[in-house]
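Notes follow the structure.
FYI, it's all coordinate maths here, none of it is from the lab. Since the structure is predicted, the reported quantities are computational estimates derived from the model, not experimental observations. Heads up, the Cβs are rebuilt from the backbone with ideal geometry, glycines too, and the neighbour counts pull from every protein chain shown.
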Ligand SMILES: NC(=O)c1ccc[n+]([C@@H]2O[C@H](COP(=O)([O-])OP(=O)(O)OC[C@H]3O[C@@H](n4cnc5c(N)ncnc54)[C@H](OP(=O)(O)O)[C@@H]3O)[C@@H](O)[C@H]2O)c1
């Protein structure tokens, strides 16, 4: 049976995706994350309900050392036969980090480090070990597009400059707001998916790199840092009605999770590389991401900056350096 690694696969959209991959496609799973108890509980539930193999993998996407250790463990499991193959890597973990700006163990702004840089490094380290038609899906967000209501509500993106994003608020500079940090990290994930797609094609690889927006899904842990009354209101039918009225892209934990599973496993998306998909009102649609996200010069610059920030060594990856 094929296997998918899902970061943040023990909760929210990630767990819904894991469940769909296990029940519908009968895929084996690796749940990768930083909360061992929650991961083991989710893994147990999936084993019992779907009868598939599920292993857990310690991973904090904000830490380069943790990403390297997780990638090494994953590769070791492939080498020793504990995993038969690696067919999909779903870069799903992430969130909005409200409150004062914070920095990762490597000294990088936490939103950029967790949502973007850690997944960039993980993908670079494991891609060479995936099946030739393996799929890498980056979970992004409609908030990356300032021309949409999703982008206007959360905080408009800023220039996707890796060095500046990693060091926002340092040396006395005014930090970006939590909303801008979040939206821009998701724009970076789309630029990264597109750049990976171009490099895969250039190197003759048949692997697939996809960007995915699950739509607004307030019932997950996504809003956990906001005050309790705001979280409560976000989950009401009135808020859902209002969001639809103003044109917010609406997902749901069940449909958005199943959509991510389809992008990983359904033959229909085998030619989805370099594309942007959105879970919108019960439909999984291929659509245009923001104008900025198609800028190849920015994508190449960001890719090079992230190689430096991740301290990527040439021997760590064969993937079109
Ligand atoms: N919900 C929405 O409206 C929405 C909209 C657009 C995009 N998204 C994106 O969808 C993805 C899934 O979010 P969700 O809505 O399902 O929220 P969620 O329930 O909060 O799930 C987020 C997952 O990411 C994990 N995570 C966060 N930081 C991590 C780190 N540094 N290392 C490892 N794991 C980490 C969390 O693990 P812990 O349990 O350990 O915290 C959790 O499993 C995120 O990338 C989010 O940005 C969500």
Gain on full stretching of the segment that runs from residue 318 to residue 41 - 0.36 nm per residue minus C-alpha separation | 96.1 nm
For peptides 39-46, 310-317, 253-260, sequence by mean Cβ density within 10 Å, most packed first = 253-260, 39-46, 310-317
Quote the relative contact order of the range 1-110 in percent (integer), defining contacts as alpha-carbon pairs under 8 Å separated by 6+ residues.
-> 30
What relative contact order, as a whole-number percentage, does the chain give when Cα pairs under 8 Å and 6 or more residues apart are counted?
-> 20
Expressed to two decimals, the range 259-306 has a Cα Rg over Rh, using the Kirkwood radius, of 1.07
Take the alpha carbon atoms of the range 224-263, find their center, do the same for the range 187-219, and report the distance between the two centers in whole angstrom.
-> 23
Using only alpha carbon pairs under 8 Å that are at least six residues apart, calculate the relative contact order of the range 175-321 and give it in whole percent.
-> 33
Residue 82 to residue 148: extension gain in nm, 0.36 nm per residue of separation minus the Cα-Cα distance?
-> 19.3 nm
For the range 244-284, the Rg and Dmax computed from alpha carbons only, in angstrom | 11.3, 34
Subtract the Cα-Cα distance of residue 271 and residue 49 from 0.36 nm times their separation in residues, and report this length gain in nm to one decimal.
-> 76.8 nm
quick note, the chain, DSSP beta bridge pairs, % antiparallel (nearest 5) is 20
Using the 10 angstrom Cβ neighbour count as an exposure proxy, how do 306, 239 rank, fewest first?
-> 239, 306
With all distinct Cα pairs included, what does the Kirkwood hydrodynamic radius of the range 3-311 come out to in Å, to one decimal, could you say?
-> 19.2
Using the scaling law 2.2 N^0.38 Å as the reference, what is the normalised Cα Rg of the range 198-290?
-> 1.30
Sort out for me the Cα centre separation of the range 1-72 from the range 106-167, rounded to whole Å.
-> 20
Run a plain Debye calculation on the range 1-141 (Cα atoms as equal point scatterers, no solvent) and give log10 I(q)/I(0) at q = 0.09, 0.13 Å⁻¹, rounded to two decimals, same order as the q list.
-> -0.24, -0.51
When 275, 26 are ranked with the fewest other C-beta atoms within 10 Å first, the list becomes 26, 275
When the label point is put 7 Å from the Cα of residue 75 along its Cα-to-beta-carbon vector, which residues of the range 12-41 have a backbone N closer than 20 Å?
-> 30-33
Work out Dmax and Rg for the range 155-232 from the C-alpha atoms and quote the Rg first, both in angstrom.
-> 16.5, 52
By the gyration tensor of its Cα atoms, with a ≥ b ≥ c the square roots of the eigenvalues, what is the shape of the range 98-146: rounded for a/c under 1.5, prolate for a/b over b/c, or oblate?
-> oblate
Estimated 222 nm signal from helices in the chain, with DSSP H stretches of n ≥ 4 weighted -39500 (n - 2.57), rounded to 500 | -13000 deg cm²/dmol
